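No lab work stands behind these numbers, since they all come straight from the coordinates. Source: prediction; values computed, not measured. We place every Cβ from the backbone using ideal geometry, glycine too, and count neighbours over all the protein chains shown.
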Amino acid sequence: MFILMKKQLITTLAMCALAATAMAENAPARWTLNAAKPEKGITVQPTMYGIFFEDINFGADGGLYAEMVENRSFEFPQALMGWNTFGNVTVNTADPAFKNNPHYVTLKDPGHRDKRTGLENHGFFGMGVKKGMVYNFSVEARLADKGAKAGKIRVELINKDNDIVAKSRLDITSADWKKHTITITSPITAKDAFMRVYLESKDAVDLDHISLFPSDAWKGAIRADMLQALKDLQPGVFRFPGGCIVEGTDLATRYQWKNTVGKVEERPLNENRWNYTFPHRLYPNYYQTGGLGFYEYFLISEHIGATPLPILNVGMACQYQNKGNEAKANVPLEELDPYIQDALDLIEFANGTTDTKWGRLRAEMGHPEPFNLQFLGIGNEQWDEAYPQRLEPFIKAIKAKYPKMNIIGSSGPDPSGERFDYGWKRMRDLNVELVDEHYYRDENWFRDNIKRYDKYPRKGPKVFAGEYACHTKKVEGKEPTRQNNFLSALHEAAFMTGMERNADVVHMTAYAPLFAHVDGWQWRPDLIWVDNLETVLTPNYYVQQLYSTNPGTNVLPLTAGKLPVAGEDGLYASATYDKRTKEYILKIANLNDGAREVAIEVKGLKNIGAQTVTTLRSDNPKAINTIAKKDVVKPVTTTIAAQTGNILKLSVPAQSFAVYKFGK
């Protein structure tokens, strides 16, 4: 009997313990939000949430740059790479149309009845055409032979079944190089069409810079849907033209901004840093035509409302690829002057008056007003003493001529460790305005580093988190998944509450990379995926958008007891006030498998009023958005009825990121 009673007592105590645990888990988290003097809070910089563009994953040619023809000027190392030829086609360089791009093709009669001479170009993984869309075809052309009177070419759009779906003809009547244009309207929608150009005359013709753009391209050059995705982010800063491509595989292939301005036809070809870097994703045909160059980057920055942030080479090629070859990869200190002059000339190009050399070129290109460049990054991801040795003379020269220019230096490729610590020390010594930190880590790192910036020094250089993304650690086969799934996005959302809470230290951030072509990617995850017709916005994109469109102007203290809300009960949160709209903005990431109740005392408010909440969530942490299913994970906005009193009561859904706005 006693044994039975003892068992019953133990069972009862165990049930009580479970009930107490359940009650504790269901008890609301109690926080305090100090909103008494909201405009006195830490200022959120207008550059806080930005974007970073690099020409990786066919992000420029074949992506944001809307040119549909691959190797349009026949300047690839193999001049006809990207082209199929038939009949009598030769490549020539005598008396070219453009001195910087001297190759062109000559189309001559094949010499046989019922035969044809011509070219085919399949673009970048096919040519995407839309029903009813007008396409602008252009070519530099001339008659090839003296005494010739009339040449003619026919331009066709072909579907994957080799059927002609649209065509147009163009007459060539001059022995001098001239630009010719025609339009072609597609009667079909297809992502895998291609273009054929062939000779219809007995007289031979020379052709160069064969180009095809959709008529909806912004400024005639930028792919409209991809640009709109950037504009919809409302980014505060736009970092370009990349990271590692700035360095180049060697100094000869480093990115040189002066080669990307002026007439598009005269911009020389450059090898892309990523064309044969990854053995599992080789693209030997990956080159930079320069059609998307520094002028276009500045225009895009202006169009999307972002502060431009160009990155320039510091006189060092990629340190990863040149380990042990530093003598050739690093410019000697006494030979840095041309590199430093490039930096000074870029500032003049962006901000100079029209009576300066480079300001005049900007005006001639169509933008007499300055671009108001305020930030300049020197070097991308360099480390060790070779970097600050070269950075220092840049800083001295730039500050001597442009004392208000903000210089951004690098802390290297790691988020911690010996190289990182050395980089930060030297950047402090050199007194740069911001230090560029990069971190590509798994979800555990993002969760464990929420408080990363809580103890950073408040004086000295500020942080630019210039490249970061959560790389989920699960492995399938031999290759990491590293997909843009909801799990990665949720951990980024949680981590960003720590950035926002420390906005006095963190002045800029940018997820990386920005774009990837579904048929041509080399690196993932990426913020926006595209094919030749459509864009896919990832869960990570929506996290960035929820921050960048709801930044607020001032950070408000949000605490659980005396501590920031940074992981207690699996909840992560930050709060801001927007003095322009008079709204309070609360961002909460719930990493728990269950919903969590929260009660927040809002000091300084008598009544909470009505609220809106925008929630991004999924029951499946592996959920992704694809071309076929774009809206698997997408934010939803609802309105919550007004609450009286100053206790804000919330139920935060399981595995979710939510943005609450109230007090307007």
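Using the rule -39500 (n - 2.57) for each DSSP H run of four or more residues, divided by the residues of the chain, the 222 nm mean residue ellipticity is -6500 deg cm²/dmol.
Rounded to the nearest 0.05, what FRET efficiency do Met133 and Ile164 have when you use their Cβ-Cβ distance and R0 = 30 Å? The computed FRET efficiency comes out at 0.95. When each of the peptides 54-62, 498-506, 270-278 is scored by the mean number of other C-beta atoms lying within 10 Å of its residues, the order from highest to lowest reads 54-62, 498-506, 270-278. Taking amide H positions as modeled 1.01 Å from N, with prolines and chain starts lacking one, no residue 5 or more places away or on another chain lies under 5 Å from Arg254.
Multiplying the sequence separation of Ala175 and Val91 by 0.36 nm and subtracting their Cα-Cα distance, what value in nm do you get? Let's see the in-between values first.
Numbers: separation 84, 0.36 × 84 = 30.24 nm, distance 1.78 nm.
Result: 28.5 nm gained on full extension.
When only alpha carbons are used to place a centre, segment 128-169 and segment 211-269 end up 26 Å from one another.
Counting other beta carbons within 10 Å of each residue's own, what order do Glu433, Glu492, Glu334 fall into, fewest first? Mind showing how you got there, number by number?
Details: Glu433 18, Glu492 23, Glu334 6.
The most exposed by this proxy come first: Glu334, Glu433, Glu492.
Among Trp358, Asn380, Leu563, whose Cα sits farthest toward the positive end of the charge dipole of the chain (+1 at Cβ of Lys/Arg, -1 at Cβ of Asp/Glu, about the Cα centre)? Of Trp358, Asn380, Leu563, it is Leu563.
Listed by Cβ neighbour count within 10 Å, with the fewest neighbours leading, Thr47, Thr576, Thr106 appear as Thr106, Thr47, Thr576.
So what is the diffusion coefficient of the chain in µm² per second by Stokes-Einstein at 4 °C and 1.567 mPa s, using a Kirkwood Rh over Cα pairs? Estimated via Stokes-Einstein, D reaches 47 µm²/s. Between segment 82-123 and segment 481-558, the C-alpha centres lie 45 angstrom from each other. Other residues lying with their Cβ under 12 Å from the Cβ of Asn92 contribute a combined charge of -1, Lys and Arg counting +1, Asp and Glu -1.
Once the C-beta distance of Arg30 and Arg428 is scaled by a Förster radius of 45 Å, the resulting FRET efficiency is 0.70 to the nearest 0.05.
Two-decimal Rg/Rh of segment 83-214 from alpha-carbon positions, Kirkwood Rh? Spell out each step's value before the answer.
Values: Rg = 14.6 Å, Rh = 15.1 Å.
With Rg and the Kirkwood Rh in hand, the quotient comes to 0.96.
Calculated FRET efficiency, Lys451 to Ala628, Cβ-Cβ distance, R0 = 35 Å: about 0.30 to the nearest 0.05. Each of Gly220, Ile158, Gly50 was scored by the projection of its Cα onto the charge dipole of the chain, and the greatest displacement toward the positive side belongs to Gly50; charges sit on the C-beta of Lys, Arg, Asp and Glu.
Fewest-first ordering of Lys130, Lys661, Lys459 by other beta carbons within 10 Å of each residue's beta carbon gives Lys459, Lys130, Lys661. Rounded to the nearest 20 debye, the dipole magnitude of the chain is 1860 debye, with +1 charges on Lys and Arg beta carbons, -1 on Asp and Glu beta carbons, and the Cα centre as origin. Extension gain, Lys606 to Lys149, is 155.9 nm, computed as 0.36 nm per intervening residue step minus the present C-alpha separation. Counting only whole DSSP H helices of the chain, the ones at least 30 Å long by C-alpha along their axis and with mean Kyte-Doolittle hydropathy no lower than 0.5 are 2-26. For the listed peptides 89-97, 610-618, 460-468, 234-242, a ranking on the average number of other beta carbons within 10 Å per residue, highest first, reads 234-242, 460-468, 610-618, 89-97.
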